[in-house]
Amino acid sequence: MTPFIAEVIGTGLLILLGEGVVANVVLKKTLGHNSGWIVITVGWALAVYVAVVVAAPYSGAHINPAVSIGLALAGKFDWDLVPIYISAQMIGAMMGALTVWLMYKDHFKATENGDLKRAVFCTSPAIRNLSSNLFSEVVGTFVLIFTILYFTGASIEETQSVIGLGSLGALPVAFLVWAIGLSLGGTTGYAINPARDLGPRIMHAILPIRDKSPNDWGYSWIPVLGPVIGASIAALTMLLLS
């Protein structure tokens with residue numbers, strides 16, 4: 001498996017399971033309907049676990065453009081590989097979102113609320129205040145990348161010129177994402193991953209979903225720019241402290 005394919009598959013699994021748990025909770029007539037925020041945060045954490053287990057041996061399991069950018073800024077990843085990884089992550093995210101829609105198609109039809117349908121695919125703020133929303137995504141992603149950089153700092157392995165996260169094991173990253181979701185996710189839905197939000201948001205725009213809400217492109221830059229800023233600050237902070 002090449003790093004590109006690993007990032008496609010890993011990100012696809014992340015979105016399939018992560019957005020799958022959102023669909024299970026918010027869409028009508030599912031067995032998990034209205035099971036709540038804890039279920040969603042656990043589901044996303046376990047989605048990260050599965051994705052990292054599969055992709056880590058081959059690509060380092062970035063599965064997130066913010067991780068690729070943060071590692072490159074910190075000097076732990078080749079900048080030439082960043083566009084390749086981000087392309088793979090976007091493809092994987094869109095494939096994962098498509099699969100969620102196919103699986104829950106009957107439940108999308110049974111749900112009248114267009115905002116809930118959109119929530120399966122992408123994030124939106126609990127209170128819309130773009131400056132505060134951006135800050136939330138910056139802080140959440142800072143915690144993600146800053147901690148990952150310290151996870152990897154003691155034992156980085158290099159395989160075929162790709163510096164990966166495989167030596168971590170998957171559980172620490174899953175627990176990290178769970179902690180972010182529980183503590184910081186209530187403001188914006190903690191995208192903390194540009195591909196996780198933008199790829200599925202594009203799929204929401206393309207797919208023939210009846211009575212869906214608008215895609216809210218006016219907000220869509222927040223879960224893209226916020227994670228990039230957060231990752232950049234995390235990498236620069238780590239370099240200053242090292």
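Rule-based calculations on the coordinates, nothing more; no lab input. Not measured: the values here are computed from a predicted model. Cβ sites come from the backbone with ideal geometry, for glycine too, and all protein chains shown count toward neighbours.
List of remarks:
- Among the trypsin sites (Lys or Arg not before Pro) in segment 43-130, those located in a DSSP loop and surrounded by at most 14 other Cβ atoms within 10 Å of their own Cβ are 128.
- Span-rule helices in the chain, defined as complete DSSP H runs reaching 27 Å or more along the axis (Cα) with Kyte mean at least 1.0: 3-26, 37-59, 82-103, 130-153, 222-241
- Pairs of lysine residues in the chain - Cα separation under 19 Å, sequence separation of 8 or more or cross-chain: 13
- Student exercise, the chain dipole from Lys, Arg, Asp, Glu Cβ charges, in Debye to nearest 20: 700
- Summing +1 for each Lys or Arg and -1 for each Asp or Glu among the other residues whose beta-carbon sits under 13 angstrom from that of residue 200 gives +2.
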